Amino acid sequence: MDKIPLNYEASEGDTHKRQTSTLPTEVVQCLENARFLHLATCTDNVPNVSLMNYTYLPSSPYSASPVIIMTTNAASRKTINITTNPNVSLLVHDWVSHRPPTQGRRLSGGSPTPESRSSLATLLLNLNTSAVSSISATIGGAARIAPIGSAEEKFYVEKHLENNTFEAEGVPLFQPPSSSAAGAADDGNSTSGSGSGGRFVAGEEVRVIVVEIRNVRISDWKGTVRDWELVPDAPVLNGGA
């Protein structure tokens, strides 16, 4: 007998759609907890998905509605796609995902998956079920490139730097580019490395992506789906989803 989700709902079209002027609390929590998101862009019917560092801002001097900030190289496919087609989709979740052990599955090195695992390995594999959050959020929005050299671009870069100052072994994750660092960057986005060991989000050839959130779909591990549309004059959501 085929297994079915505990509470499956069709995901085509809108499900339990509501209007709000603020994001649901669990979506804000997810955006604040997660480190990366997936950015989907498309032009000429050719889609592209990128893993991105990001910064969530509930509002700013340049937008009364919530926005998501990312950076990318001026010549990247993302930049070209957004310039041609501003419609984007973002996927964000804040749980750790591991492939569960499968009987007889072989690892990439060719050896069979061990039948017995240490308690630590089991704990790590089960992190997905004891997640910080039990939802994923698919966000639809309109993306644009902040005007080059503008006060808006400078503001968003500063906020992005403040939000992404993780340190690993004493080396800041983000730092202004040197000439050697900028030349070694891969695609110029926030997850790219540099030859100096650090990473950067600012520089002459880096563009700031601003995504104004239009709608969000919440999916939980039980299969429940809910849709929200952000409307400026809609009632404020009081934390209940």
query = Going down the list LYS78/LYS159; LYS17/LYS78; LYS78/LYS154, which pairs span over 28 Å between their C-alpha atoms?
reply = LYS17/LYS78
ask   = Which of the peptides 62-73, 41-52 is most tightly packed, and how do the rest follow, judged by the mean count of other Cβ atoms within 10 Å per residue?
value = 62-73, 41-52
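Under 14 Å from the Cβ of TYR56, count the other residues' Cβ atoms, weight Lys and Arg +1, Asp and Glu -1, and hand me the total.
Numbers: positive: ARG35, LYS159; negative: GLU26, GLU32, ASP94, GLU162, GLU212.
For residues surrounding TYR56, the net value is -3.
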Span from the region 66-80 Cα centroid across to the region 143-164 one, whole angstrom = 11 Å
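The numbers here are math on the coordinates, done by the rules we state, and not lab data. Since the structure is predicted, the reported quantities are computational estimates derived from the model, not experimental observations. So basically every Cβ, Gly included, is an ideal-geometry build from the backbone, and we count neighbours across all protein chains shown.
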